[in-house]
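Some notes on the structure that comes next.
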Amino acid sequence: MYHTLPQEYREATQDDLAERITAARQRLGERLCILVHHYQRVEVVEFADHMGDSYGLSRIAAGKKDAEIIAFCGVHFMAESADILSGEHQHVYLPNPLAGCPMADMAEMADVLEAWEALRAYGAEERIMPISYMNTAAGLKAFTGRYGGLICTSSNADAALAWGLQRREKVFFFPDENLGYNTAVKFGLSPDEIVTWDFSDQDGGLSPEQIERARIILWKGHCHVHTNFTVEHVEKVRLSHPEAKIVVHPECIPDVVRLADANGSTSFIVKYCQQAPSGSTIAIGTEINLVHRMAQDHPDKNIFELSGDTCPVCANMYRTTMNDLAYTLEHYSDLKPIHVGEPMRSDALIALEKMLEIS
Ligand code: 13P
Ligand code: SF4
């Protein structure tokens with residue numbers, strides 16, 4: 001449930017908020033851990049105890065047993081995963097509870113269950129391995145755990161798909177069609193072995209022959225931030241900056257990923273910028289706040305956003321402000337933590353732990 005920020009917090013100056021956050025951190029000491037995703041605003045990043053991609057942050061949440069208060073500056077599915085992976089004595093707070101993920105919302109529980117029911121006609125439980133991208137609600141992670149599958153993120157999707165294909169004939173991957181496709185092509189599968197289940201169509205819009213032939217069944221979901229990037233953007237940068245390296249997130253469309261010099265998770269992109277020699281030119285296809293921070297952190301490199309004109313902002317990541325963080329740290333005991341109840345938690349934990357094992 002969303003708390004309305006009291007006027008006092010809405011009107012506070014940046015300096016005042018910074019002082020309050022700093023004082024709360026000192027007061028709470030080791031009891032508090034602030035986890036921050038790479039897409040957060042630069043002023044929120046300042047207060048991170050740990051920064052990372054969604055895989056890295058889930059690892060920290062699983063290992064940081066001494067922190068009883070985890071403030072997760074990211075989006076809802078990340079905080080839910082942190083709650084599942086952390087202990088009973090720990091409480092996870094999402095400083096802005098409205099921060100969701102439209103891609104995660106593209107896989108609704110009822111639609112996925114309906115697809116799975118239809119896939120039972122093809123021997124789903126014996127032949128098809130469900131693999132859920134981290135960007136899903138806890139209920140879907142639980143579904144995945146219940147049917148023997150695992151969770152993956154953009155940094156371990158290769159290992160997850162290999163794991164799934166070694167154990168069952170087919171993989172049912174949701175909700176990101178692009179990450180699924182970009183990973184599946186690395187396994188040398190032919191185009192007719194990769195199909196997309198369109199949940200708005202009867203039987204996913206697929207014929208029985210298509211399903212029988214498929215090795216990978218992708219969900220028809222996407223990230224509206226990353227699908228902003230087009231082949232034309234890549235071509236334009238190749239002409240204007242022939243020296244540039246292009247690095248993109250694998251949630252981009254396959255043609256963009258194929259034409260880029262490198263692709264990987266947000267942590268991969270951060271490392272790519274760090275490791276590039278001084279004087280490098282790098283065009284990045286991902287969320288604008290991360291790109292701006294990379295440009296700011298590496299003034300000796302020419303780093304810019306790939307599209308140049310579409311402003312690929314994740315409005316949900318952008319929701320979390322210093323005002324939210326200050327309020328959360330000063331009022332956590334009155335706020336409702338993110339909580340995944342049983343039996344959902346245990347089933348989802350099985351799928352998340354499998355991810356940690358294979359990565
Ligand atoms: P990462 O796991 O690469 O941080 O990506 C999360 C995400 O939501 C990208 O849009
Ligand atoms: Fe979701 Fe896309 Fe935002 Fe990532 S960038 S949190 S996938 S909407």
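The values are calculated or read from the model by the stated rules, or taken from the named source; none is laboratory data. Computed from a predicted model, the values in this text were never measured in an experiment. With ideal geometry, Cβ positions are generated from the backbone for all residues, glycine too; neighbour counts draw on all protein chains shown. SASA here: full protein model, heavy atoms, side chains in, ligands and nucleic acids out. Shrake-Rupley method; radii C 1.70, N 1.55, O 1.52, S 1.80 Å.
Looking at the structure I just gave you, is residue 267 polar (S, T, N, Q), within 16 Å of ligand 2 (Cβ to nearest atom) and either open to solvent by 30 Å² or more (accessible area, probe 1.4 Å) or in a helix (DSSP H, G or I) (or both)?
Values: polar (S, T, N, Q): yes; within 16 Å of ligand 2 (Cβ to nearest atom): yes; either open to solvent by 30 Å² or more (accessible area, probe 1.4 Å) or in a helix (DSSP H, G or I) (or both): yes.
When the stated conditions are applied, residue 267 passes them.
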Scanning region 246-258 residue by residue, those in contact (Cβ under 8 Å) with a residue 24 or more places away in the chain and surrounded by fewer than 17 Cβ atoms within 10 Å (Cβ to Cβ) turn out to be 254, 255
Within the set of pairs 6+ apart or on separate chains, which have a first residue in region 331-351 that is within 18 Å of residue 73 (Cα to Cα), a second that is in a loop (DSSP other than H, G, I, E, B), and C-beta atoms under 7 Å apart? 335/3; 336/1; 338/94
Residue hits (region 43-69; in contact with a His (Cβ under 7 Å, 6 or more places away or on another chain), more than 16 Å from ligand 2 (Cβ to nearest atom) and hydrophobic (A, V, I, L, M, F, W, C)) are 60, 69
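What number of residues within region 21-50 are touching a residue at least 60 places away in the same chain (Cβ under 8 Å), open to solvent by 50 Å² or more (accessible area, probe 1.4 Å) and out of contact with any strand residue (DSSP E or B) (no Cβ under 7 Å at 6 or more places or on another chain)?
Taking region 21-50 and keeping what is touching a residue at least 60 places away in the same chain (Cβ under 8 Å), we get 21, 24-25, 28, 32, 34, 37-45, 47.
Keeping just the survivors that are open to solvent by 50 Å² or more (accessible area, probe 1.4 Å) gives 25, 42-43.
Pick out the ones that are also out of contact with any strand residue (DSSP E or B) (no Cβ under 7 Å at 6 or more places or on another chain) and you get 42-43.
Selection size over region 21-50: 2.
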Given the conditions (1) in contact with an Asp or Glu (Cβ under 8 Å, 6 or more places away or on another chain); (2) open to solvent by less than 20 Å² (accessible area, probe 1.4 Å); (3) assigned to a helix (DSSP H, G or I), which single one is not true for residue 284? (3)
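Residue-by-condition table, conditions (1) within 20 Å of residue 333 (Cα to Cα); (2) not in a loop (DSSP other than H, G, I, E, B):
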residue	(1), (2)
4	yes, no
9	yes, yes
15	no, yes
18	no, yes
23	yes, yes
27	yes, yes
30	yes, yes
35	yes, yes
44	no, yes
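Quick check: anything in region 159-168 open to solvent by 10 Å² or more (accessible area, probe 1.4 Å), out of contact with any Pro (no Cβ under 7 Å at 6 or more places or on another chain) and within 19 Å of residue 121 (Cβ to Cβ)?
So the first thing to find is which residues in region 159-168 are open to solvent by 10 Å² or more (accessible area, probe 1.4 Å), and the list is 159, 162-163, 165-168.
Next cut, out of contact with any Pro (no Cβ under 7 Å at 6 or more places or on another chain) only: 159, 162-163, 165-168.
Checking which are within 19 Å of residue 121 (Cβ to Cβ) leaves us with 168.
Yes; the residues of region 159-168 include at least one that is open to solvent by 10 Å² or more (accessible area, probe 1.4 Å), out of contact with any Pro (no Cβ under 7 Å at 6 or more places or on another chain) and within 19 Å of residue 121 (Cβ to Cβ).
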In region 64-120, residue nearest to residue 195 (Cα to Cα) [restricted to those that are touching a residue at least 40 places away in the same chain (Cβ under 8 Å) and polar (S, T, N, Q)]: 81
Return the residue satisfying two criteria in turn: it lies in region 99-121 and is more than 14 Å from residue 136 (Cα to Cα) and among the small types (Gly, Ala, Ser), and of such residues it is nearest to ligand 2 (Cβ to nearest atom). 115
Looking only at region 287-330, and only at residues there that are more than 15 Å from ligand 1 (Cβ to nearest atom) and assigned to a strand (DSSP E or B), the one that is least open to solvent (accessible area, probe 1.4 Å): 303
Considering only residues of region 75-98 that are in a helix (DSSP H, G or I) and within 16 Å of ligand 2 (Cβ to nearest atom), which is surrounded by the fewest Cβ atoms within 10 Å (Cβ to Cβ)? 76
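Which residues, taken from region 270-281, are over 21 Å from the mean Cα position of the chain (by Cα) and either assigned to a loop (DSSP other than H, G, I, E, B) or not hydroxyl-bearing (Ser, Thr, Tyr) (or both)?
Pass one, region 270-281, residues over 21 Å from the mean Cα position of the chain (by Cα): 274-281.
If the condition is that a residue be over 21 Å from the mean Cα position of the chain (by Cα) and either assigned to a loop (DSSP other than H, G, I, E, B) or not hydroxyl-bearing (Ser, Thr, Tyr) (or both), then 274, 275, 276, 277, 278, 279, 280 are the ones that fit.
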